[in-house]
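All of the numbers you see were taken from the coordinates with simple rules; none came from a lab. Note that the coordinates shown come from a computational prediction; the quantities given were computed from them, not determined experimentally. Here the Cβ positions follow ideal geometry from the backbone for every residue, glycine too, while neighbour counts run over all protein chains shown.
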Amino acid sequence: MRFLLFGLSLALFFTVTSSSARDRTLIHCGKLVDVEAGEVRGEATIVVVSNRIEAVSSGHDRPRSGDRVVDLRNATVLPGLMDMHVHLQSFFGPERYVERFQLNPEDLALHAAHHARLTLRAGFTTVRDLGGEQVVALRNAIAKGIAEGPRIIAAGRSVAITGGHADQSNGMRRDLQGDPGPAEGVINGPDDARKAVRQRYKEGADVIKITATGGVLSVAKDGFRPQFTQAEVDAIVEAARDLGLSTAAHAHGPEGMKRAVLAGIGSIEHGTMMTEEVMDLMRERGTWYVPTLSAGRYTEEKAKVPGYYPAVVAQKALAVSPMMMGTFSQALKRGVKIAFGTDAGVFPHGENAKEFLYLVEGGMTPMAAIQSATVEAAKLLGQERELGAIKPGMLADIIAVEGDPVADVVALQKVVFVMKNGAVFAGP
Ligand SMILES: [Zn+2]
């Protein structure tokens, strides 16, 4: 037995060393989107060694013996897409309001794993998951290579106030509501706020997600009012900063947004009723805006289906989408930093690329929309040295689509090749 184990580990050792030392993959591209220069190049070859890009050259390089060649001569190649706002654990259909009483954590984890696979196959090689306690474990499993999915930056449970958007006991019978407390992400006062952040840190979160205002899909009347005092948001951001965690705030109304921006929050999610005052404040402070137009569109459409959402939710959903689009166009003109994010989970996972269409509808050029999901998203994460572009030294996150996505962003909905971290998950 011992001998067998020794032999096995020896074999593993050789596979690992030989693949990292010699395995070269040449990717022959028909076209290559250079997201940093903002232009589309003609024929090119990308050389991938192990999990990194070693070289990029024009034309199609001849392979050396032992090289693997990926033929994408009929496709347009671009960096793996990055979605800064997903919920891999959830899908918010009509059954969701009952399912929370039926599903166990292990059910949710398996759902999350399925959604992660769909997301990766749709060309999204990195996602930021903003709320879902199972996702920290999923992130680790994917990083280990025992589950299939995008690279994940995970928030774990969101932080909210009692009765706030991310208070999971909203809408329940009184005896089931209880008093969740900071461990469950429900805080009241700065001390609770710090405790909730530290609890997330202990559980392995990368980013702290707060619900700075009401939200659309929670069973609560208001979707727009502020939900933390200034002192509470300040405490959250400060505690996160001390522990090296980034922060993101769900926000629909301007007062909650303003408090979060003043506290130094990293990004404003949704931003539905963002005023010019808030936009200017965000520009000044370098706060990112993640528009999630897909969420607005989908919930507006479904709110018209009788019984799809509870009445209190449908009412809010109908109001939000048109406002989101108007705000997006205005923030774009005003020069607020924008990163791509969809709120996948509110709509079916794997349909993330529809967002490109809405961004272009709202006034973004197709190239800027692609940049928001690559270089810009990488900057939001502070990982622009490794992610978001195809050039030597970057991690090999590479996808391809048929047609020309810069002429028509619908092409991004048909991904024909996916490589993440040097491994191929879809395509030739
Ligand atoms: Zn969300």
Mind telling me which of Arg24, Arg385, Arg200 comes out most flexible in a GNM of the chain, alpha-carbon contacts under 10 Å?
Arg385
Measuring from the longest principal axis of the C-alpha atoms of the chain, the long axis of helix 311-334 (C-alpha) lies at a number of degrees, nearest 10, equal to 60
Counting sequence-distant residues (5 or more places) and residues on other chains, those with an amide H built under 5 Å from that of Asp23 are Ser50
Step through the table entries Lys337/Lys391; Lys31/Lys333; Lys144/Lys202, compare each Cα-Cα distance with 27 Å, and write down the pairs that go over it.
Lys31/Lys333
Nearest 10 degrees, 0 to 90: what angle lies between the long axis of helix 230-242 and the longest principal axis of the chain (Cα atoms)?
30
Prolate/oblate/rounded call for segment 81-381, Cα gyration tensor, a/c under 1.5 rounded:
rounded
Any residue on another chain or 5+ positions along whose placed amide H is under 5 Å from the amide H of Ser158 is listed here as Gly132
Rounding to the nearest 20 debye, state how big the charge dipole of the chain is about its Cα centre with +1 on each Lys and Arg Cβ and -1 on each Asp and Glu Cβ.
640
Candidates Glu276, Glu300, Glu184; GNM for the chain (alpha-carbon contacts under 10 Å) flags as most fluctuating Glu276
Using a Cα-Cα cut-off of under 15 Å, which aspartates and glutamates could be cross-linked to Lys195, ignoring same-chain neighbours fewer than 8 residues away?
Glu184, Glu203, Glu232, Asp234, Glu238, Asp242
Can you compute the modelled spin-label distance between Arg62 and Ser329, with each label point 7 Å from Cα toward Cβ, in nm?
5.6
CD proxy, 222 nm, the chain: helix-only mean residue ellipticity via -39,500 (n - 2.57) per DSSP H run with n ≥ 4, per residue, nearest 500, stands at -11500 deg cm²/dmol
Taking springs between alpha-carbon atoms closer than 10 angstrom, which of Glu355, Glu301, Glu54 fluctuates most in the Gaussian network model of the chain?
Glu301
Go ahead and run the numbers for FRET between Val360 and Asp23, Cβ-Cβ distance against an R0 of 41 Å, rounding to 0.05.
0.60
As a test, work out the antiparallel percent of DSSP beta bridges whose residues both lie in the chain, rounded to the nearest 5.
50
